[in-house]
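Following: one structure in structure tokens, then a few remarks.
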Amino acid sequence: MISVHACPLAKLGGRDSGGMNVYVRELARDLGARGIEVDVFTRWREKDDPRIQPLGPNARVIHIASGPLGYWPKINVYEHLDEFTAKLMAEVEEQGRTYDVLHAHYWLSAKVARTLEQRWKIPTVQMFHTLGLVKREVMDEDIDGESDVRIEIEREAVRRSAAVVAASAIELGELRRFYKADPARVAVIPCGVDPEVFHPVRQADAREKLARDQCERLILFVGRIEQIKGIDVLLRAMALLFFRRPDLRSEVCLLVVGGALDPGDEAPETEKILELRRLVHEHRMEANVSFVGSRDQEDLALYYAAADVCAVPSLTESFGLVALEAMACGTPVVGTRVGGLQTVITDGESGLLVPAGDYEALAEAIARVLTDARLRMHLAHGARDRAEHFTWRRVGDRMVELYERVLARPTQELKV
Ligand code: UDP
């Protein structure tokens with residue numbers, strides 16, 4: 001596997017580390033447990049990380065030093081891709097190792113895969129996780145300054161990969177519409193959730209463990225603190241909720257989990273968090289909103305269980321692991337009708353869906369879940385039932401099938 005900027009062992013919830021890191025980690029572990037050897041090549045970002053780290057039986061992470069250590073915007077990671085590819089190739093060839101399949105994650109890895117598939121004459125399975133042209137549709141500006149080069153690389157990857165994995169039928173549609181993908185070479189494989197980590201816990205126990213029993217009703221947001229996650233829309237929705245229902249101001253709290261804010265972290269608060277704090281101040285919600293910082297997944301399970309509702313107000317979402325994790329914990333989700341969220345959540349049965357960016361609709365849906373205990377119970381049951389369909393084991397089954405299909409095809413058919 002190539003996952004240039006998302007190390008499967010990275011701390012989650014900070015800048016550039018979220019669902020993709022979890023995906024690579026869980027898939028590599030599942031494949032390894034089946035006896036399939038997996039090496040995940042990723043950029044060396046943290047100086048204390050060992051060069052080679054085990055992920056589980058038969059699976060390991062290999063860090064490749066390319067450019068300086070530390071966090072970098074993706075466009076700068078891109079500038080060092082040739083170095084990454086050359087070092088990766090040299091290491092593998094020196095040791096005489098060979099691979100059967102390349103599995104590339106995200107557009108940065110797609111670029112590396114183009115060189116490796118040519119050289120080693122092996123097929124690539126590509127997964128984008130998010131698509132540049134889809135992101136461009138919903139963002140006001142190209143914040144990462146990466147779009148043109150990224151889209152070109154994505155187009156080439158769609159043309160040349162032996163197979164592309166989409167996380168939902170919606171992503172398949174986007175690949176066809178925006179990138180002219182051949183549907184015969186796209187496999188739709190939804191993501192998974194680990195039921196050992198994410199399962200229901202009594203709400204009162206979770207709140208007590210987290211020392212969060214002072215608020216009567218809890219709304220939870222989990223994710224990277226970025227515009228695309230719609231957190232500003234959620235804050236505006238809360239402000240509207242308090243304007244319409246002033247009685248709720250003394251009862252409702254929002255916990256924002258994610259962002260590099262924990263005490264051990266030296267990274268300064270990002271500009272986005274400062275902007276959000278200003279929004280909180282403007283609407284006099286300091287007593288209602290806490291920025292908790294990143295949490296590991298064991299802790300997160302308690303946060304989901306403590307919450308009455310988990311808000312996933314994303315502007316776009318290729319899949320939305322947070323929604324699935326909340327559902328597995330029996331917590332109703334109010335999400336936006338975008339990307340994979342609309343395939344995971346059945347509106348009115350396993351959560352509520354609202355249009356992206358519509359803070360009035362979001363406020364109304366959150367108010368319904370918070371104030372209607374019967375609806376909350378109904379959605380909680382529906383959410384748990386639905387989440388049972390999504391396991392990493394199932395993702396692994398489908399992926400192995402896909403690898404086998406790709407390997408069974410004659411090599412000349414793989415390159416179009
Ligand atoms: N996450 C975490 N700690 C945090 C914030 C997020 O472990 O403080 C994890 C969360 O459990 C989920 C992932 O990061 O598995 C986010 O995935 P999602 O698909 O929701 O969003 P993405 O980051 O891919 O946009």
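Of the trypsin sites (Lys or Arg not before Pro) in region 153-250, the ones in a loop by DSSP (not H, G, I, E or B) with at most 11 other beta carbons within 10 Å are K180, R202. Evaluating 6.51 cos²θ - 1.76 cosθ + 1.60 at θ = phi - 60° for every residue in region 199-204, the Karplus couplings come out as 8, x, 9, 4, 4, 5 Hz, glycine and proline recorded as x. First check a/c for region 25-131, with a ≥ b ≥ c the square roots of the eigenvalues of its C-alpha gyration tensor; if it is under 1.5, answer rounded, and if not, answer prolate when a/b is larger than b/c or oblate otherwise. Verdict is rounded for region 25-131.
Against the chain, whose longest principal axis is taken from its Cα atoms, helix 19-33 shows a tilt of about 60°.
Between amide H atoms placed 1.01 Å from N, distances below 5 Å from I64 occur with T42, R43, W44, all of them 5 or more places distant or on a separate chain. Couplings 3J(HN,Hα) for region 152-167, derived from phi with the Karplus relation 6.51 cos²θ - 1.76 cosθ + 1.60 (θ = phi - 60°), are 4, 5, 5, 4, 5, 5, 5, 5, 9, 5, 5, 8, 10, 9, 9, 7 Hz, where x marks Gly and Pro. In percent, rounded to a whole number, the relative contact order of the chain is 16, using alpha-carbon pairs under 8 Å and six or more apart. Computed with a 1.4 Å probe over protein heavy atoms only, the accessible area of M377 comes to about 120 Å².
Between 0 and 90 degrees, the angle of helix 392-408 with respect to the longest Cα principal axis of the chain falls at about 30 degrees. Taking amide H positions as modeled 1.01 Å from N, with prolines and chain starts lacking one, the residues under 5 Å from V4 and 5 or more places away or on another chain are H105, S109.
Placing I273, I52 in order of accessible area, with the largest value first and a 1.4 Å probe, yields I52, I273.
Between R202 and T343, the modelled label-to-label distance comes to 3.9 nm, taking each label 7 Å out from Cα in the direction of the beta carbon. The alpha-carbon of K209 sits under 24 angstrom from the alpha-carbons of these lysines, leaving out residues fewer than 8 places away in its chain: K11. A cut-off of 5 Å between modelled amide H atoms, ignoring neighbours fewer than 5 places along the same chain, links L55 with R60, V61. Working from the Cα coordinates of the chain, the gyration tensor eigenvalues give, after taking √(5λ), semi-axes of 37, 22, 20 Å in decreasing order.
Convex hull volume of the Cα atoms in region 198-314, per residue, in Å³?
Working: hull volume 12.0 nm³, N = 117.
Expressed per residue, the convex hull around the Cα atoms of region 198-314 is 102 Å³.
Sparsely packed loop sites in region 269-371 (the trypsin sites (Lys or Arg not before Pro) outside DSSP H, G, I, E and B with at most 11 other Cβ atoms within 10 Å) comprise R284. Shown for region 270-352: the carbon plus sulfur share of the solvent-accessible area, taken with all protein chains present and a 1.4 angstrom probe, equals 46%. Cβ screening of the chain for cysteine pairs under 4.7 Å finds these without a partner: C7, C191, C310, C329.
Across region 302-416, the volume of the C-alpha convex hull divided among the residues equals 113 Å³ per residue.
Can you tell me the 0 to 90 degree angle between the C-alpha axis of helix 359-371 and the longest principal axis of the chain, rounded to 10? Its long axis makes an angle of about 70 degrees.
The values are calculated or read from the model by the stated rules, or taken from the named source; none is laboratory data. All values reported here derive from a predicted model rather than from experimental measurement. Counting neighbours? That spans all protein chains shown, and the Cβs are built from the backbone with ideal geometry, glycine included. Protein only, heavy atoms only, side chains kept; ligands, DNA and RNA dropped before computing areas. Shrake-Rupley method; radii C 1.70, N 1.55, O 1.52, S 1.80 Å.
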